[in-house]
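Student: Here's a structure for you.
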Amino acid sequence: MFRFFITSLSALSFTLSASAQAQADNLYQALGGSPGIARVVDQLIVEIQQDARISPQFKETNMKRLAELLKEQLCVVSDGPCQYSGDDMLTVHAQLGIKSAAFNALVEDLQAAMHKNQIPFPTQNRLLARLAVMKKDIVVSAP
Ligand code: HEM
């Protein structure tokens, strides 16, 4: 009976640590889920608007709508339970003439937004790596 108790206890602790590990592996959870992503995106919008390097490119943009779409997109990209309802990155950015320097500036703004929300560096880098693959669709190719 005692042996059974010990065996079930260790099985339980294995299950718990396996699920804790699964949570840590889940980027969406590591970012703080939906409220965590919302805080990061809201701060990102502030950073963009204060960033003279790229703010002019957003002067015609509905920033409220952009924030909502970015929240959906970052949720999907981090394996969260969401759907992205915006257009694809190539279509959205095709006519904007975005240069590599502007892309890097936005990445720095996102880093600042995550830093201000206490997102640890390894988690920041996991998200940035998933966004980096979009660069080819967002930036105009060099002539
Ligand atoms: C990883 C980098 C980026 C991501 C994930 C991203 C994502 C998005 C998303 C989700 C939208 C909304 C899509 C829609 O309207 O259906 C959007 C729109 C937009 N993005 Fe980006 N973007 C990135 C980089 C940039 C950069 C570097 C710039 C310029 C400096 C930029 C400028 C814009 C502008 C101006 C719009 C609004 C277009 C409009 O009003 O029709 N984006 N972006």
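The values are calculated or read from the model by the stated rules, or taken from the named source; none is laboratory data. Every value quoted in this text rests on a predicted model; they were computed, and no experiment measured them. Counting neighbours? That spans all protein chains shown, and the Cβs are built from the backbone with ideal geometry, glycine included. Please note that ligands, DNA and RNA were not included when accessible areas were found on the heavy atoms of the full protein model with its side chains. Shrake-Rupley method; radii C 1.70, N 1.55, O 1.52, S 1.80 Å.
Student: In a shell of Cβ-Cβ distance under 13 Å around Ser85, excluding Ser85 itself, what net charge do Lys and Arg (+1) and Asp and Glu (-1) give?
Tutor: Residues near Ser85 contribute -2 overall.
Student: Using a probe of 1.4 angstrom, how much of the accessible area of segment 27-138 is carbon and sulfur, in percent?
Tutor: 55 percent
Student: Report the net charge of residues surrounding Arg65, where surrounding means a beta-carbon distance below 15 angstrom and charges are Lys +1, Arg +1, Asp -1, Glu -1.
Tutor: Net local charge, Arg65 excluded: -2.
Student: On to the next question. What nm distance separates the two modelled labels at Asn104 and Met134, each placed 7 Å from Cα along Cα→Cβ?
Tutor: 2.0 nm
Student: Just to confirm, what accessible area per residue do you get for segment 27-138 at 1.4 Å probe, in whole Å²?
Tutor: That works out to 58 Å² for each residue.
Student: Quick one: check the C-alpha center-to-center distance for segment 88-103 versus segment 119-133, whole angstrom.
Tutor: With segment 88-103 and segment 119-133 each reduced to a Cα centre, they are spaced 20 Å.
Student: Something else: Filter the GluC sites (Glu not before Pro) in segment 50-143 down to the DSSP loop ones having no more than 12 other Cβ atoms within 10 Å, then list what survives.
Tutor: Glu60
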